[in-house]
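Structure record follows, encoded as structure tokens.
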Amino acid sequence: MTHIAREMLHRLRSFFSKTPLDHELNAEMASHLEMAMEENLRRGMSPEEAQRQALVRFGGVSQAREQHRETRGLPWLDILMQDLRFTFRTLLRDRGFTFVAVLILGLGIGANIAVFSVVNTILLRPLPFHDPQRLVRIVERDPKGGESSMTYSADATQEFQRQNHSFESVSGYFAFTGPDNFKLMREGQPLPVTGIMVAENFFQTLGVDPSLGRSFIAEEFLHHSRPVALLGHAFWKRQFGGDRSMIGKAIDLSGTPVTVIGVLPERFDFGSVFSPGAKVDLFVPYIMDDFRDDGNDLALIGRLKPGVSLAAAQSESDSLFPQLYFRNTHPEYGKGYTGQLFTLKDYVSGKLRRSLIVLWCAVGLILLIVCVNLSNLLLARAAARSKEFAMRSALGAGRGRLIRQLLTESLVLAGVGAVLGLAIAFAVITYLAHQGSIALPLLSSVRIDGSALAWTLLITVAAAVLFGLAPGLRMSRSDLQEALKDSGHGTSEGRKHERMRSVLVVSEVALACVLLVGAGLLLRSFLRVLDVDLGFEPSRSAAISVDDGNPGTAEKARVRWQEVLGRVQSIPGIEAAGISDNLPLSRNRSWGISAKGHGEYRKGELEGTFVYIVSPGYLNAIGMHLVKGRDFNWDDGFQGGNTVIINETVARKLWPGQGAIDRIAEINGKDVRVIGVIADVHESSAETAAGWQMYLPLPYGPEGTELVVRTKLPPATLASSVMGALRQINPEQPATEFQPLQNLVDHATSPRRFFVLLVSIFAGLGLFLASLGIYGVISYSVTRQTQEIGIRMALGATQARVQLTVIRKTLWLALIGIAVGIVVSFGVSSLIASLLFGTTPTDPITFLAMVLLLGLVALLAGYIPARRASRIDPMIALRTN
């Protein structure tokens with residue numbers, strides 16, 4: 001073993017320290033030659049003959065020196081370094097080719113790295129919690145009423161915590177928190193902040209420990225306990241400058257002194273996991289006793305005990321949840337629960353799995369197109385270097401040596417392209433990580449990590465082999481004698497070479513066709529989503545969160561809201577204004593509603609009904625369509641008038657074939673009279689059907705306050721006027737953002753828009769690369785056939801005829817590729833059928849449009865070299881050698 005190690009060290013020393021060893025070798029060889037010459041002189045030879053015989057006997061100084069170097073060094077490393085030096089010299093000599101190759105490789109590899117990083121973060125990488133595979137999300141089995149039918153009451157949560165045997169701990173968070181639900185009172189204007197109420201052991205269940213201070217303790221979840229808060233790391237840095245002395249100090253939250261007990265770690269981002277796109281600043285305790293009578297409002301998270309499977313926990317939940325009831329204060333809710341268990345990872349990102357896989361496949365096609373394109377470029381370049389390779393072959397280079405040299409060039413190109421790709425991917429990922437408007441979970445934590453670097457290495461090597469192997473094999477088979485002959489540009493390429501390049505172009509067009517059809521179907525679906533009638537008109541409405549100022553009695557609240565709306569409506573440019581506690585496509589909750597006198601309903605006949613607490617004028621301000629009846633007035637609600645406005649779905653279900661106006665409905669055990677029916681509103685998503693909805697008048701106890709105004713002016717121009725009007729009534733009104741309701745629509749459709757945008761970009765890149773490939777093949781063919789074209793024109797061929805010949809060849813290649821692409825696209829489109837909306841996988845308009853687009857681009861790519869061919873001067877062409 002010692003001998004082997006000594007030998008390896010000697011070889012490494014020989015590789016890195018050649019000069020001293022060469023001097024030693026030269027001295028030793030000179031000594032041997034001198035001894036041989038002396039012996040020859042003693043035999044009577046002349047000095048010249050003695051030297052010649054000594055050299056002949058020695059066998060050649062140069063050969064001996066090279067043999068000795070190989071025995072003392074690392075031959076494979078020497079050869080590699082020679083190949084690399086030759087590769088860099090060659091690529092630097094052909095800077096135009098190198099630039100184009102590195103650029104398209106950078107785009108292809110960069111896109112793959114960026115998409116892999118997103119897929120890895122959302123689908124593959126574990127959640128950023130301790131032992132995340134044991135975390136479980138618990139929801140109702142049939143959630144039809146928004147968050148209310150996916151959450152649990154305080155009583156049911158505590159009973160499940162006590163009775164289950166599968167979970168190490170069960171906790172949750174208040175699911176109906178709106179943005180800017182607190183105001184931080186500091187010097188200057190009140191600052192709106194968003195705080196989440198969490199149940200006992202929430203952070204312990206997740207396995208998250210504060211980076212400063214401590215977490216909540218049991219005593220802080222009791223009624224009348226001292227108010228405390230945990231700050232988010234970003235909020236602590238932004239508002240308190242990372243001051244560590246904040247621990248133990250009190251801050252003023254909405255007029256209440258709250259003690260800061262800790263700061264959460266920087267890596268913990270509640271919004272990215274549980275509410276994509278939301279910004280959460282701090283956390284406060286959810287006190288069960290304060291919410292006993294509020295219905296379902298806790299979203300449950302559990303941690304399984306070690307060794308307990310999800311299936312076993314599900315079996316226990318199936319038997320346990322139906323036994324859980326509300327307290328007898330709400331007997332109408334006492335129907336028991338169901339519980340569907342998901343791993344938290346599947347719940348957070350499972351719905352995106354198919355979309356992300358499609359995106360990953362699309363970017364993989366881009367890399368294939370890049371490789372095909374580079375293969376074509378390398379074939380053209382190798383044909384120009386045919387004499388070089390033939391000469392090297394004639395001097396003794398074997399086929400493997402030539403292939404290795406070409407693969408070395410491919411690896412160098414791919415490596416430089418990967419460096420550029422990493423830079424592009426880093427820029428893209430940095431941009432995506434700061435896009436709070438895109439409602440994708442975990443997007444803010446996307447980064448280039450070790451897995452992404454390993455993926456980069458893998459696709460770099462794979463790409464180098466893919467685009468370098470075919471040219472290498474082709475050139476290593478070249479006929480030596482034919483290649484060494486003098487041949488000018490007028491000689492046509494061999495049919496085999498031409499056929500290979502044509503096959504590559506057909507493949508490129510086919511891959512681009514598949515990408516275009518897929519992108520076209522997704523784009524058409526997205527346009528269909530945007531065309532959905534939401535039931536309200538977001539384009540002319542804007543909203544702002546309003547601090548109610550704790551008016552006290554209902555009469556004081558009525559006076560305040562009337563004053564708010566009166567002042568706002570008097571602002572020039574505002575056509576209507578109203579107040580609601582919730583907005584469509586935002587947070588929601590559901591209550592029960594039934595027709596009085598109907599009797600007992602069958603199981604499943606009634607659904608959870610989305611409920612909104614609104615003021616007079618709200619329906620007009622948000623652009624809803626009142627089909628029958630009237631809007632609320634200020635006497636509804638404030639003077640005991642129990643009234644309700646329902647949507648068409650509720651009217652049709654509760655009173656089929658009858659008019660709903662003036663009918664009596666029951667809500668939470670109270671009788672209410674139907675005064676209006678509005679058109680259905682898509683309250684959760686434009687892609688799902690509208691559910692049951694009802695609107696109750698103030699002051700039913702709204703959970704938040706949103707002022708909605710209707711205007712033809714840009715909302716930004718009215719923001720200062722509206723804020724001024726609000727602060728005239730309540731000087732402590734926080735400076736919350738005045739946002740167009742279109743933002744809600746954009747946020748709700750952002751995942752689909754994100755995927756459509758990326759797939760469309762990839763399809764456009766594929767189309768560009770395919771056109772580049774067609775142009776390259778046809779242009780190179782024209783260049784090689786210059787003399788042939790000149791002869792034909794000299795014999796009478798017109799410019800139009802020459803153009804037609806070239807364009808015919810272009811269209812023939814494109815049509816074969818399109819035909820293959822269409823066949824493959826039919827299979828691919830069926831795989832993405834679940835991602836489509838209002839569009840069939842075989843939508844003829846999409847297929848036809850994409851085929852025409854690809855055909856037109858191919859025609860343009862072929863027309864440019866065709867036009868150049870038709871302008872060839874026959875006399876110049878005939879003189880070309």
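The values are calculated or read from the model by the stated rules, or taken from the named source; none is laboratory data. Just so you know, these numbers come straight off a predicted model, no measurement behind them. As a convention, Cβ positions derive from the backbone with ideal geometry for all residues, glycine included, and neighbour counts pool all protein chains shown. These area figures cover heavy atoms from the full protein model, side chains too; ligands, DNA and RNA do not enter into them. Shrake-Rupley method; radii C 1.70, N 1.55, O 1.52, S 1.80 Å.
Residue by residue, here is whether (1) closer than 24 Å to V509 by Cα; (2) crowded, with 19+ Cβ neighbours inside 10 Å; (3) at pLDDT below 85; (4) not basic (K, R) holds:
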residue: Q739; (1), (2), (3), (4): no, no, no, yes
residue: Q742; (1), (2), (3), (4): no, no, no, yes
residue: V745; (1), (2), (3), (4): no, yes, no, yes
residue: L767; (1), (2), (3), (4): yes, yes, no, yes
residue: G776; (1), (2), (3), (4): yes, yes, yes, yes
residue: Y780; (1), (2), (3), (4): yes, yes, yes, yes
residue: T783; (1), (2), (3), (4): yes, no, yes, yes
residue: I789; (1), (2), (3), (4): no, yes, yes, yes
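Looking for something among the basic types (K, R) and not in a helix (DSSP H, G or I) - is there at least one such residue anywhere in region 635-655? No, that holds for no residue. Condition first: in contact with an Asp or Glu (Cβ under 7 Å, 6 or more places away or on another chain) and either surrounded by 17 or more Cβ atoms within 10 Å (Cβ to Cβ) or more than 15 Å from D680 (Cβ to Cβ) (or both). Now tell me which residues in region 621-637 satisfy that. Hit for region 621-637 is G623, nothing else. Within region 378-418, the set of residues being open to solvent by 50 Å² or more (accessible area, probe 1.4 Å), part of a helix (DSSP H, G or I) and either at positive phi or at pLDDT 75 or above (or both) comprises L411, V416.
One line per residue, one yes/no per condition, for (1) more than 24 Å from G421 (Cβ to Cβ); (2) at pLDDT 90 or above; (3) not basic (K, R):
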site: A454; (1), (2), (3): no, yes, yes
site: L457; (1), (2), (3): no, yes, yes
site: L469; (1), (2), (3): no, no, yes
site: L473; (1), (2), (3): yes, no, yes
site: A483; (1), (2), (3): yes, no, yes
site: E493; (1), (2), (3): yes, no, yes
site: K496; (1), (2), (3): yes, no, no
site: R499; (1), (2), (3): yes, no, no
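Could you list, in sequence order, all residues of region 832-849 that are in contact with a helix residue (DSSP H, G or I) (Cβ under 8 Å, 6 or more places away or on another chain) and of a type in the set (A, V, I, L, M, F, W, C)? The answer is I832, L835, L836, F837, I845, F847, A849. Any residue at all in region 663-679 that is open to solvent by less than 10 Å² (accessible area, probe 1.4 Å) and outside any strand (DSSP E or B)? No, region 663-679 contains no residue that is open to solvent by less than 10 Å² (accessible area, probe 1.4 Å) and outside any strand (DSSP E or B).
Taken over region 324-347, the criterion of being open to solvent by 20 Å² or more (accessible area, probe 1.4 Å), at pLDDT 85 or above and part of a helix (DSSP H, G or I) is satisfied by K345, D346, Y347.
Note on region 823-868: among residues that are within 27 Å of S781 (Cα to Cα) and among the β-branched types (V, I, T), the one that is most open to solvent (accessible area, probe 1.4 Å) is I864.
One line per residue, one yes/no per condition, for (1) within 32 Å of the chain's Cα centre (by Cα); (2) surrounded by fewer than 17 Cβ atoms within 10 Å (Cβ to Cβ); (3) free of Cβ contacts under 8 Å to residues at least 24 places away in the same chain:
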residue: F176; (1), (2), (3): yes, no, no
residue: F182; (1), (2), (3): yes, no, no
residue: E219; (1), (2), (3): no, yes, yes
residue: H223; (1), (2), (3): no, yes, no
residue: D243; (1), (2), (3): no, yes, yes
residue: I261; (1), (2), (3): no, no, no
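Taking the conditions (1) more than 40 Å from the chain's Cα centre (by Cα); (2) under 23 Å from P715 (Cβ atoms); (3) at pLDDT below 90 in turn, I571 satisfies each one other than (3). Picking from residues in region 225-241 that are in contact (Cβ under 8 Å) with a residue 40 or more places away in the chain, within 40 Å of the chain's Cα centre (by Cα) and more than 18 Å from G271 (Cβ to Cβ), the one that is least open to solvent (accessible area, probe 1.4 Å) is V228. Strands (runs of 3 or more DSSP E) fully within region 174-224 that include at least 3 residues being touching an Asp or Glu at 6+ places or on another chain (Cβ under 8 Å) and modelled with pLDDT under 95: 182-185. You will find that of K603, K596, the residue that is open to solvent by 20 Å² or more (accessible area, probe 1.4 Å) and free of Cβ contacts under 8 Å to residues at least 24 places away in the same chain is K603 and no other.
Being surrounded by 21 or more Cβ atoms within 10 Å (Cβ to Cβ), on the phi < 0 side of the Ramachandran plot, at pLDDT 90 or above and β-branched (V, I, T) is a property that V759 has. Cβ separations smaller than 7 Å between residues 6+ apart or across chains give the following pairs from region 831-842 residues that are closer than 13 Å to G518 by Cβ to residues that are of a type in the set (K, R): L835/R354; T839/R524; T839/R528.
Listed here are the strands (runs of 3 or more DSSP E) enclosed by region 554-626 that have at least 1 residues being farther than 18 Å from V644 by Cα: 574-580. Has region 711-730 got any residue that is open to solvent by 10 Å² or more (accessible area, probe 1.4 Å), in a loop (DSSP other than H, G, I, E, B) and within 28 Å of L253 (Cβ to Cβ)? Yes; the residues of region 711-730 include at least one that is open to solvent by 10 Å² or more (accessible area, probe 1.4 Å), in a loop (DSSP other than H, G, I, E, B) and within 28 Å of L253 (Cβ to Cβ).
What do you reckon, is S149 open to solvent by 10 Å² or more (accessible area, probe 1.4 Å) and touching a helix residue (DSSP H, G or I) at 6+ places or on another chain (Cβ under 6 Å)? Taking the combined requirement at face value, the residue does not satisfy it.
Among the residues of region 792-810, are any of a type in the set (G, A, S), surrounded by fewer than 22 Cβ atoms within 10 Å (Cβ to Cβ) and outside any helix (DSSP H, G or I)? Within region 792-810, one or more residues are of a type in the set (G, A, S), surrounded by fewer than 22 Cβ atoms within 10 Å (Cβ to Cβ) and outside any helix (DSSP H, G or I). So is V546 modelled with pLDDT under 90 and touching a Leu at 6+ places or on another chain (Cβ under 6 Å) or not? Criteria met by V546.
Of the residues making up region 297-323, those that are open to solvent by 20 Å² or more (accessible area, probe 1.4 Å) and part of a loop (DSSP other than H, G, I, E, B) are K305, P306, G307, V308, S309.
The residues of region 261-296 that are touching a Phe, Trp or Tyr at 6+ places or on another chain (Cβ under 6 Å) and assigned to a loop (DSSP other than H, G, I, E, B), listed by number, are V280, D281, Y286, I287, N296. In summary, G817 fulfils each of the numbered conditions (1) modelled with pLDDT under 90; (2) assigned to a helix (DSSP H, G or I) with the single exception of condition (1).
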